[in-house]
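Each reported figure results from applying straightforward, stated rules to the coordinates on display, with no laboratory input. In this text, all values refer to a predicted model and were calculated from it rather than measured experimentally. Methodologically, a virtual Cβ is constructed for each residue, glycine included, from the backbone with ideal geometry; neighbour enumeration extends over all protein chains shown.
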Amino acid sequence: DGGITQSPKYLFRKEGQNVTLSCEQNLNHDAMYWYRQDPGQGLRLIYYSQIVNDFQKGDIAEGYSVSREKKESFPLTVTSAQKNPTAFYLCASSIDGLSTEAFFGQGTRLTVV
Amino acid sequence: EDQVTQSPEALRLQEGESSSLNCSYTVSGLRGLFWYRQDPGKGPEFLFTLYSAGEEKEKERLKATLTKKESFLHITAPKPEDSATYLCAVQAGGSEKLVFGKGMKLTVNP
């Protein structure tokens, strides 16, 4: 079945550590996105990519990094520079990022301990 | 700056009690307006895309409509399984990004 797979579902990080969240899609979509969701707030865009080897910062990119070496993969690294990383992270993809619907993965809940 | 405001923030309905959710937006040239449903601890599930004022789309008990300033998600005779958070998002012309509202939590009691 086609879809977007995020892993792990739950992730615990010690302060000062970098962690990488995985996002894989087999929909042959060109565009991929990372969002952060906090209670009582809308989804906020961290990074997005419309083609392989290219990506742009979203509204809250500080403390995060991404790569897009393959069309199907868009991993997100939460670095130690991110001051408040505890949140629900969502990956999405769309055909071309232009007025086409985005499909989401099931999310990764990151908790700093 | 593109903005999306959803109201009410939360809504409780009895099973069978129809209602509407509102999504007001300000955007520089609307490319598309999107509705999603999100269950607790899960990713949003796509419902509808609307592109121009006057457009309507339906799916089971849900009907989405669009004007130049707002969109409504009408829920007819809701059931408990319709309980979820409903998200509205817009994409401006010339932008690859979606701007989301804060969502509206719907609870349907049996």
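On a 28 Å Cα-Cα criterion, which of the cross-link pairs A:K9/B:K59; A:K70/B:K59; A:K70/B:K63; A:K9/A:K83 come out too long? Long pairs (Cα-Cα over 28 Å): A:K9/B:K59; A:K70/B:K59; A:K70/B:K63. Given their separation in residues at 0.36 nm each and the Cα-Cα distance between them, A:K9 and A:Q106 gain 34.1 nm when the chain is fully extended.
For chain A, the fraction of C-alpha pairs more than 23 angstrom apart is 21%. Among residues other than B:V27 with Cβ under 12 Å from its Cβ, the summed charge is +1 (Lys and Arg +1, Asp and Glu -1).
Here r is the Cβ-Cβ distance between B:S20 and A:Q41 and R0 is 30 Å; the resulting FRET efficiency, rounded to 0.05, is 0.80.
In this structure, the pairs whose alpha-carbon distance is over 23 Å, taken from B:K57/B:K79; B:K42/B:K69; B:K69/B:K102; A:K71/B:K105, are B:K42/B:K69; A:K71/B:K105.
Between rounded, prolate and oblate, where does segment B:27-67 land on the alpha carbon gyration tensor, with a ≥ b ≥ c its root eigenvalues, rounded for a/c under 1.5, else prolate if a/b exceeds b/c? Oblate. Counting only DSSP beta bridges whose two residues both lie in chain A, roughly 90 percent are antiparallel. What share of Cα pairs, in percent, lie more than 12 angstrom apart in segment B:66-110? Value for segment B:66-110: 71 percent of Cα pairs lie more than 12 Å apart. From the C-alpha coordinates alone, can you work out the Kirkwood hydrodynamic radius of segment B:8-103, in Å? After inverting the pairwise mean of 1/r, the radius is 13.8 Å. Placing +1 on the Cβ of every Lys and Arg and -1 on the Cβ of every Asp and Glu, with nothing else charged, gives the protein assembly as shown a dipole about its Cα centre of roughly 480 debye. Within the shell of other residues whose beta carbon sits under 12 angstrom from the beta carbon of A:R109, the net charge comes to +3, with Lys and Arg scored +1 and Asp and Glu -1. As a ratio to 2.2 N^0.38 Å, the alpha-carbon radius of gyration computed for the protein assembly as shown takes the value 1.02. If you take every residue apart from B:L62 with its C-beta less than 14 Å away from the C-beta of B:L62, what net charge results, scoring Lys and Arg +1 and Asp and Glu -1? Taking every other residue near B:L62 into account, the sum is 0. Averaged over the residues of B:100-106, the number of partner chain Cβ atoms lying within 10 Å of the residue Cβ comes to 3.
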